[in-house]
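Following: one structure in structure tokens, then a few remarks.
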């Protein structure tokens, strides 16, 4: 009889382990909303506001920044010019706009007044600008 009890207990224990639902692993990354910067934001974390003159005019549509990095909203074959001298990783220590600041119309660059030195694709990939 003790053999039968052991067998029944083993069967009950086994069925308990198979009845436990499996947890599926999921990876969900919520990057939130794009930074609200007057002249665009850098395309690498921590996505700080870029100063006027970093992005060329092709990065704006009707005065609105088309985005960069995870919030990029341009064509898949988009290439735009930047002046990376305005990037802190390249030694820039000048004024940086704050998030939520409004753009000053006098500081917006146009094609005639922009001097880019690097071409970027909006997703953080750079190539040398064609001269």
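Every number here is computed from the coordinates shown, using simple stated rules; none is lab data. Note that the structure is predicted; figures quoted are calculated from it, not measured. Here the Cβ positions follow ideal geometry from the backbone for every residue, glycine too, while neighbour counts run over all protein chains shown.
Cα gyration tensor of region 58-117, axes a ≥ b ≥ c as square roots of the eigenvalues: rounded (a/c below 1.5), prolate (a/b > b/c) or oblate? Rounded is the answer for region 58-117, as its axis ratio a/c remains below 1.5. Sorting 78, 114 from the fewest to the most surrounding beta carbons within 10 angstrom yields 78, 114.
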